[in-house]
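Trainee: This is the structure, below, for whatever I ask next.
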Amino acid sequence: MSDAQSFLTGNGDQRQTLVVIFLRGGADGLNLVAPLEDDGYYRARPRIAISRRECVPLDGFYGLNPLLKKLEPAYKDGSLAIVHAAGSEDATRSHFEAQDLMEHAGITGGGWLGRFLRAHNTAASGPLAAVALGRAIPECLRGAPATTVLQSLDDFSLGTSGARLTQSLARLYGMQTDMLASAGRDTLAAIRRVEQLRHEKYQPANGADYGPDDFSRGLVQIARLIKARVGLQAVSLDLGGWDSHFGQGTLMDPLMTRLARGLSAFYQDLGDEMNHTTVVAMTEFGRRVEENSAFGTDHGRGSVMFVLGGGIKGGRVLGTWPGLSRDVLEGPGDLPVTTNYRNVLAPILQRHGVSEKLKQVFPDFELHPLPMYG
Amino acid sequence: MNLTRRKFLKVGGSSAALLATVGCDRLPREVRALYEPAKNSGPFAPPASEQIDAVTHALNRAAFGARPGEYERVKKQGATPDEAAAAYLDHQLSPEKIPDDETDYAVRRFETLAQPLGELFEYQEELLQNELMRGTLTRAVLSERQLFEVMVQFWSDHFNIDPSKGDAKWLKVADDREVIRRHALGKFADLLRASALSPAMLWYLDGRVNRRENRKDKPNENYARELLELHTLGVHGGYTQRDVMEVARCLTGWTVRSRNRPPYFEIGKVEFKLHQHDCDAKEVLGQKISAIPDRLNKEDRERLGQRELDRVLEIVTRHPSTAKHISTKLCRRFIADEPPAGAIEKVADAFTQSSGDIRATLRALFASEEFRRARGNKFKRPFHYIVSALRATGAKTDAGLEIIDYLRRMGHAPFNYPTPDGYPEPAAPWLGTLLWRWNFALAVSENKLKGTRIDFATLQKNSGGDDGLMAHLLGRKPTADEAQAYHESGAGLALMLASPAFQRC
């Protein structure tokens, strides 16, 4: 047993962290990022469209929903890229089927994030390499080498009876020099590090202003773990409730506020650490282009993806805009998907250390990675 | 006698009262099995050597660790530890001669596992997955046929299927029973053929959509590639991309009835469709397979088309790379992460000479000096760890979902590996799982797992006190440091289960 991992050696932590945010329920991409210069948008949504005046202008064609204004600085810094008309090939418009397909990345075994971690050179052997914020391991992490499910940092410990045990373990694992012993010492160090974090009052950096909701709380935990350099490689976090069949405004407005406040605080809080962090936000499908009688929208196809992170060439809305004319729309009147979500994830995974085995992460799919890094 | 759950519920209501009045020995056998305390409940002699001896070694590697008293029982089978270990391994190689009623009764509570293929679709996939995992865990903990269970796990990895794909959600249950378990200690060729025609495998590796109805159709190579790369020759086994394509062509036309496509009966049935089969000539690994002539009648053409599968499997099974590949994997499992070349050669010879007889192959492995010497150098994978902890503590367990959850967190829940290569065997990818092992050690020793109970006082008493208990758990006398830490920790049992020595096998 040689080849010891040293993921807890302070600034020796070379690992990059990928934060995957799933907007469950089918988030309306047209309401998040509106195609201001496509008249079809206003024709289809006479009552719920966002006006050109209200929108945060992005590139002359698209505008950000005013409730996402807090994302504007990251966009202007070039750290935030948006991909429009993005989504999967699943046309069932069923939440379950579409989420399942997106998380597995096709009709295949395991989740894409799980396969990514398996394919990663370092084999994700750290105790905190993969974390799911929440109550259960999401499907995208299925098959990952070891996943820590936590709602708060308290979950990463040996419990109340563990204090004395920890000392004895340190004694037994401290006496040897092989790979197992060093893994034991690393694990003990991670426990101590997290323990310290638990006792410190966390002060977000750079005046970052997180919200009081679960989404922001989750991002705070992630920020703390990243800063503590515990070897976090991939982490998943959900923001659910986007199924806006009626009263779209009442439903989506608070979620957009939470999304923007959380992400912008995270971006500010991490500061330079953002260089080795990527956040990607995705949803299982977008909504029908035309509004329905209840001021809502029904299940559709294409939506948007947000990519926030170091190294990307952001400040752009990527992807091909298909237009909204009748002949372009898919099925009952849905925005077609012009960028498969795998082509957004692929360049990110490459940056995060998996290139040759990308085919293993996304099997049965011809990849055309979106040029996000240049 | 078959004890179904309904029947059990019927007897169950009155059995507590029965117990009180008539005592255990007069109860019907199937009820007794559920109430009887774990075996080996009397005092026993734990290992007394400074280093792991051959008996503990055999129990560590060919089984999922020793239960209370098991070391002593095995040791009595020979004049020396080596002889005793040899006798044990020999016995384990004939599982059909080992009675295992307790396990059979325990597993019967998972009713879906006994359902015929077609019936499986009547169940929620989550129930099937859970019962399959719990059944597997129950058998690993309880079964007297330990080597058989170890080999079931070995082949489940070798012919890995992640049931989250398509109809495999239902069909994997049948694959486990009729492919893996039926042939785990049989002939490799039979196992391979059963796997090739397993409906779950046809789903998982897309064999069911491998067809060539006309010249334009491109066969699906997924299964063909994994057949050569993973199941038989191995990645550097001397085949080419052309061989993969030719094998895929030979296997065109085999498909399985899906629940999403008519006809909606006999779902899961495997069929050969001549019109989807490529009837032109092929060449696999240098061996020619002639075209199927148009002039023959349909039945003859069908027969010849089907026979190409057997022809391909025969070619790959007999290929020397296959013997080497299988032997390397067996040696990695039973000897060392970096298996010694000498052992691989001996085992491969046995494989070849016995025409792929799995027992004969294992017999050669266990007889090797390399196996005998390689003690305590392997890192238990999480499943092995959990099972060995439950066995060592003599836990009564319902293999409940809390335990499955630990396995899931450690990335080693049965049948949850996404890619066809199966869970990795070497230590490196598992080193991040220690925290969960330690938490499990605490939970099991403090009786905090729902449906799992240990009796610490009895275990401690029966093993002759703290020193005996440590020796039982570690398979040898504790070192001075271990003994001291045991007493200082305030949680001696948990510490031993969490110690470096207990992570090894």
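The values are calculated or read from the model by the stated rules, or taken from the named source; none is laboratory data. Quick caveat, the model's predicted, so the values are computed rather than measured. Backbone-built Cβ (ideal geometry, glycine too); neighbour counts: all protein chains shown.
Trainee: Since A:Asp209 meets every condition but one in (1) more than 24 Å from A:Ala129 (Cβ to Cβ); (2) over 23 Å from the mean Cα position of the chain (by Cα); (3) among the acidic types (Asp, Glu), which condition does it not meet?
Mentor: Unmet for A:Asp209, out of (1) more than 24 Å from A:Ala129 (Cβ to Cβ); (2) over 23 Å from the mean Cα position of the chain (by Cα); (3) among the acidic types (Asp, Glu): (2).
Trainee: Filter the stretch A:228-256 down to the residues that are assigned to a helix (DSSP H, G or I) and crowded, with 17+ Cβ neighbours inside 10 Å and list them by number.
Mentor: Listed by number, the residues that qualify are A:Gln248, A:Leu251, A:Met252, A:Leu255, A:Met256.
Trainee: Test A:Phe306 against the criterion of being aromatic (Phe, Trp, Tyr) and over 23 Å from A:His95 (Cα atoms), and give yes or no.
Mentor: Taking the combined requirement at face value, the residue does not satisfy it.
Trainee: Ok, one more. Count, please, the residues in the stretch A:128-145 that happen to be buried (at least 24 other Cβ atoms within 10 Å of the Cβ) and either modelled with pLDDT of 85 or more or in contact with a strand residue (DSSP E or B) (Cβ under 8 Å, 6 or more places away or on another chain) (or both).
Mentor: Residues flagged as buried (at least 24 other Cβ atoms within 10 Å of the Cβ) and either modelled with pLDDT of 85 or more or in contact with a strand residue (DSSP E or B) (Cβ under 8 Å, 6 or more places away or on another chain) (or both) within the stretch A:128-145 amount to 12.
Trainee: Could you list all residues from the stretch B:199-216 that are free of Cβ contacts under 8 Å to residues at least 60 places away in the same chain and not in a helix (DSSP H, G or I)?
Mentor: B:Asp206, B:Asn210, B:Asn214, B:Arg215, B:Lys216
Trainee: Out of the residues in the stretch B:339-355 meeting the condition of being farther than 22 Å from B:Ala86 by Cα and in contact with a helix residue (DSSP H, G or I) (Cβ under 8 Å, 6 or more places away or on another chain), tell me which one is surrounded by the most Cβ atoms within 10 Å (Cβ to Cβ).
Mentor: So, considering only residues that are farther than 22 Å from B:Ala86 by Cα and in contact with a helix residue (DSSP H, G or I) (Cβ under 8 Å, 6 or more places away or on another chain), the one surrounded by the most Cβ atoms within 10 Å (Cβ to Cβ) is B:Thr352.
Trainee: Given the options A:Ser303, A:Ser325, name the one that is crowded, with 23+ Cβ neighbours inside 10 Å, in contact (Cβ under 8 Å) with a residue 12 or more places away in the chain and small (Gly, Ala, Ser).
Mentor: Being crowded, with 23+ Cβ neighbours inside 10 Å, in contact (Cβ under 8 Å) with a residue 12 or more places away in the chain and small (Gly, Ala, Ser) holds for just one of A:Ser303, A:Ser325, which is A:Ser303.
Trainee: Also, quick follow-up: What are the residue pairs meeting all of these: first residue in the stretch B:241-253, first residue charged (D, E, K, R), second residue part of a helix (DSSP H, G or I), Cβ atoms under 9 Å, and 6 or more apart or on different chains?
Mentor: These pairs meet every condition: B:Asp243/B:Ala224; B:Asp243/B:Leu228; B:Glu246/B:Ala224; B:Glu246/B:Val312; B:Arg249/B:Ala224; B:Arg249/B:Glu308.
Trainee: Determine if the stretch A:114-121 includes at least one residue that is more than 25 Å from A:Leu219 (Cα to Cα) and surrounded by fewer than 18 Cβ atoms within 10 Å (Cβ to Cβ).
Mentor: Yes, there is a match, as at least one residue in the stretch A:114-121 is more than 25 Å from A:Leu219 (Cα to Cα) and surrounded by fewer than 18 Cβ atoms within 10 Å (Cβ to Cβ).
Trainee: All but one of (1) modelled with pLDDT of 95 or more; (2) more than 30 Å from B:Arg363 (Cα to Cα) hold for B:Arg177; state the number of the condition that does not hold.
Mentor: (2) is the only condition that B:Arg177 fails.
Trainee: Shifting gears a bit: State all residues of the stretch B:379-414 that are within 14 Å of chain A (Cβ to nearest Cβ), over 22 Å from B:Asn130 (Cβ atoms) and crowded, with 23+ Cβ neighbours inside 10 Å; if no residue qualifies, say none.
Mentor: B:Phe379
Trainee: With the stretch B:88-186 as the region, which helices (runs of 4 or more DSSP H) entirely inside it contain at least 1 residues that are closer than 22 Å to B:Pro418 by Cβ and of a type in the set (A, V, I, L, M, F, W, C)?
Mentor: B:125-142, B:146-158, B:168-175
Trainee: Here's a follow-up. Would you be able to say whether some residue in the stretch A:45-65 is more than 30 Å from A:Met179 (Cα to Cα), within 21 Å of the chain's Cα centre (by Cα) and not in a loop (DSSP other than H, G, I, E, B)?
Mentor: For the stretch A:45-65, residues more than 30 Å from A:Met179 (Cα to Cα), within 21 Å of the chain's Cα centre (by Cα) and not in a loop (DSSP other than H, G, I, E, B): present.
Trainee: Can I ask one more? Exactly one condition in (1) within 14 Å of another protein chain (Cβ to nearest Cβ); (2) touching a Cys at 6+ places or on another chain (Cβ under 6 Å) is not met by A:Gly63; state its number.
Mentor: (1)
Trainee: Which pairs turn up if I take residues in the stretch A:264-289 that are in contact (Cβ under 8 Å) with a residue 12 or more places away in the chain and look for partners that are in a loop (DSSP other than H, G, I, E, B) and of a type in the set (Phe, Trp, Tyr) with beta carbon separation below 6 Å, at least 6 apart in sequence or on another chain?
Mentor: Within 6 Å, the pairs are A:Ala265/A:Tyr210.
Trainee: Please find, within the stretch B:428-462, the residue that is surrounded by the most Cβ atoms within 10 Å (Cβ to Cβ) out of those that are more than 8 Å from chain A (Cβ to nearest Cβ), small (Gly, Ala, Ser) and within 25 Å of A:Asp186 (Cα to Cα).
Mentor: B:Ala441
Trainee: Could you please find all residues in the stretch B:142-159 being closer than 14 Å to B:Asn416 by Cα and either more than 14 Å from every other protein chain (Cβ to nearest Cβ) or surrounded by fewer than 22 Cβ atoms within 10 Å (Cβ to Cβ) (or both)?
Mentor: The answer is B:Gln153, B:Asp157, B:His158.
Trainee: Please count how many residues of the stretch B:376-414 are farther than 16 Å from B:Phe64 by Cβ and touching a Gly at 6+ places or on another chain (Cβ under 8 Å).
Mentor: Looking only at that region, the number is 4.
Trainee: Moving on to the next point. Which condition does B:Leu127 not pass, out of (1) in contact (Cβ under 8 Å) with a residue 60 or more places away in the chain; (2) under 25 Å from B:Lys450 (Cα atoms), if it passes all the others?
Mentor: (1)
Trainee: Being under 30 Å from B:His487 (Cα atoms), at pLDDT 85 or above and more than 10 Å from every other protein chain (Cβ to nearest Cβ): is that true of A:Glu200 here?
Mentor: No; evaluated as a whole, the condition is false for this residue.
Trainee: Say we look at the stretch A:257-276 and pick out the residues that are buried (at least 24 other Cβ atoms within 10 Å of the Cβ) and not charged (D, E, K, R); which of these is farthest from A:Ala91 (Cα to Cα)?
Mentor: Top of the filtered list is A:Leu270.
Trainee: B:Trp203 fails exactly one of the following numbered conditions: (1) touching a helix residue (DSSP H, G or I) at 6+ places or on another chain (Cβ under 8 Å); (2) closer than 24 Å to B:Glu178 by Cα; (3) surrounded by fewer than 22 Cβ atoms within 10 Å (Cβ to Cβ). What is the number of that condition?
Mentor: Exception for B:Trp203: condition (3).
Trainee: Here is a check on your reading of the model: is B:Glu425 surrounded by fewer than 24 Cβ atoms within 10 Å (Cβ to Cβ) and within 11 Å of chain A (Cβ to nearest Cβ)?
Mentor: Here the answer is no, as B:Glu425 does not meet what is asked.
Trainee: How many residues are within 7 Å of chain B (Cβ to nearest Cβ), out of contact with any strand residue (DSSP E or B) (no Cβ under 7 Å at 6 or more places or on another chain) and either farther than 20 Å from B:Ala427 by Cα or modelled with pLDDT under 85 (or both) when one looks only at the stretch A:146-186?
Mentor: So the count comes out to 9.
Trainee: Looking at the stretch B:220-231, is at least one residue over 21 Å from B:Asn160 (Cα atoms) and touching a residue at least 12 places away in the same chain (Cβ under 8 Å)?
Mentor: No, there is no match, as no residue in the stretch B:220-231 is over 21 Å from B:Asn160 (Cα atoms) and touching a residue at least 12 places away in the same chain (Cβ under 8 Å).
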